[in-house]
Amino acid sequence: MTIKETESVVLETPTGPMKTYIFQPATEGKNPAIMLFSEIFQATGPIRRACEFLAGHGFVVALPEIFHELESPGTVLAYDQAGGDRGNADKVGKELSSYDADARALLSFLKTYSKSNSKLGAIGFCIGGHLAFRAAMNPEILAATCCYPTDIHSRKLGKGTNDDSLSRIPEIKGELMMVFGRQDPHVPREGRRIIYDALAEANVNFTWHEFNGAHAFMRDEGPRYDPAAARHVYAMAIDLFQRRLL
């Protein structure tokens, strides 16, 4: 289906206003809503196209600026060394509690948004995969897709680099889909094993998918992009969201 022109809203959080982009189907009535968490580069072209793709399959998609208290509204970091360094500095310059507060602000907005049916999911890439993972600790999240989520196994999200994501896994009540690239240096085999074992030990409802791909193999820009693998992941994600949110 076609989608509406993108709009933006400003959501209030404990650490200031958070610009959030809204993508939605050009249809009447209400639809399930998905929070989409970006890479450290924020609302880049590839991330916006991911939002449009999901909106075209019948979902309201909300894309927040994850570093809103550290960067000016509208800031998009480049896919280069300088952009990566700045994004990684922001990642550990933000309080862990602020990431969680942002997710709750998004949840509150989407539960009452006029085009949302209040059935909520989450998806994210890289740091965003980790943020979708943490968002799933809220009982309102019925399904979450975490694409090559970084720092879960090493507990390095947020200021102090000592997050509690592994410890809080029993709080996840919805269905998870975990996606990794085997050639991803950010989440090596040993790290993936830590995450898998923690999910299995907590008896979380999850599926586990590994591809012969590098980090960010779903980003449709740059040499790591694997279109065939990305198409497969998106198909599984849409199936998950349709099963759990429609």
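Taking θ as phi - 60° and the Karplus parameters 6.51, -1.76 and 1.60, the scalar couplings of segment 16-30 work out to x, x, 10, 5, 9, 9, 10, 10, 7, x, 8, 10, 7, x, 10 Hz in sequence order, x denoting glycine and proline. Across segment 7-245, C-alpha contacts under 8 Å between residues 6 or more apart give a mean separation that, scaled by the residue count, equals a relative contact order of 17 percent. For segment 25-85, the Kirkwood radius over C-alpha pairs fed into Stokes-Einstein at 4 °C and 1.567 mPa s yields D = 102 µm² per second.
Separation of segment 177-194 from segment 100-145 is 23 Å, based on Cα centroids. Pairs spanning more than 28 Å between alpha-carbon atoms, out of Lys119/Lys159; Lys19/Lys94; Lys4/Lys156; Lys4/Lys159: Lys119/Lys159; Lys4/Lys156; Lys4/Lys159. Of the GluC sites (Glu not before Pro) found in segment 1-102, those that fall in a DSSP loop while having at most 11 other beta-carbon atoms within 10 Å are Glu5, Glu28.
What is the magnitude of the charge dipole of the chain about its Cα centre, with +1 placed on the Cβ of each Lys and Arg, -1 on the Cβ of each Asp and Glu, and no other charges, expressed in debye to the nearest 20? The partial results should precede the final answer.
Numbers: 27 positive and 30 negative charges, 90 e Å.
That gives the chain a dipole magnitude of about 420 debye.
All of the numbers you see were taken from the coordinates with simple rules; none came from a lab. These figures come from a predicted structure and were not determined experimentally. Positions of Cβ are generated from backbone atoms using ideal geometry, with glycine treated the same way; all protein chains shown enter the neighbour counts.
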